[in-house]
Amino acid sequence: MEKIETEIELIKSETSPLIVKAEGYNIITTTDVEDASMFLKKISDAIKNIEVKRLTFTKPLNESLKNIN
């Protein structure tokens, strides 16, 4: 249980700066569009990392449940 809480805190610390930056984003120039595109890539990578971490916890549980049924 402690490992899960540690992972959750790690995810929060990694994503909180992205959320703050996203809330303040204004796109006015083409340079802003390029910057936003790179920023969206960071968000996409963060989402993928979160999904991988989520699966490390849920996949064994789902396999156990599948074996029981």
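A quick yes/no check of all residues on (1) in contact with a Phe, Trp or Tyr (Cβ under 7 Å, 6 or more places away or on another chain); (2) among the hydrophobic types (A, V, I, L, M, F, W, C); (3) farther than 30 Å from residue 58 by Cα:
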{"position": "14", "(1), (2), (3)": "no, no, no"}
{"position": "17", "(1), (2), (3)": "no, no, no"}
{"position": "20", "(1), (2), (3)": "no, yes, no"}
{"position": "27", "(1), (2), (3)": "no, yes, yes"}
{"position": "30", "(1), (2), (3)": "no, no, yes"}
{"position": "34", "(1), (2), (3)": "no, no, yes"}
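If you go through the stretch 1-41 one residue at a time, how many are open to solvent by 70 Å² or more (accessible area, probe 1.4 Å) and touching a residue at least 40 places away in the same chain (Cβ under 8 Å)?
Here the count works out to 0.
Here is a check on your reading of the model: is residue 63 part of a helix (DSSP H, G or I), open to solvent by less than 100 Å² (accessible area, probe 1.4 Å), in contact (Cβ under 8 Å) with a residue 24 or more places away in the chain and of a type outside the set (Gly, Ala, Ser)?
Numbers: part of a helix (DSSP H, G or I): yes; open to solvent by less than 100 Å² (accessible area, probe 1.4 Å): yes; in contact (Cβ under 8 Å) with a residue 24 or more places away in the chain: no; of a type outside the set (Gly, Ala, Ser): yes.
Criteria not met by residue 63.
How about the stretch 42-57: which of its residues are modelled with pLDDT of 90 or more and open to solvent by less than 100 Å² (accessible area, probe 1.4 Å)?
43, 44, 45, 46, 49, 50, 51, 52, 55
The values are calculated or read from the model by the stated rules, or taken from the named source; none is laboratory data. Because the structure is predicted, anything quoted here is derived from the model rather than measured. Note: ideal-geometry Cβ built from the backbone for every residue, glycine included; neighbour counts use all protein chains shown. Protein only, heavy atoms only, side chains kept; ligands, DNA and RNA dropped before computing areas. Shrake-Rupley method; radii C 1.70, N 1.55, O 1.52, S 1.80 Å.
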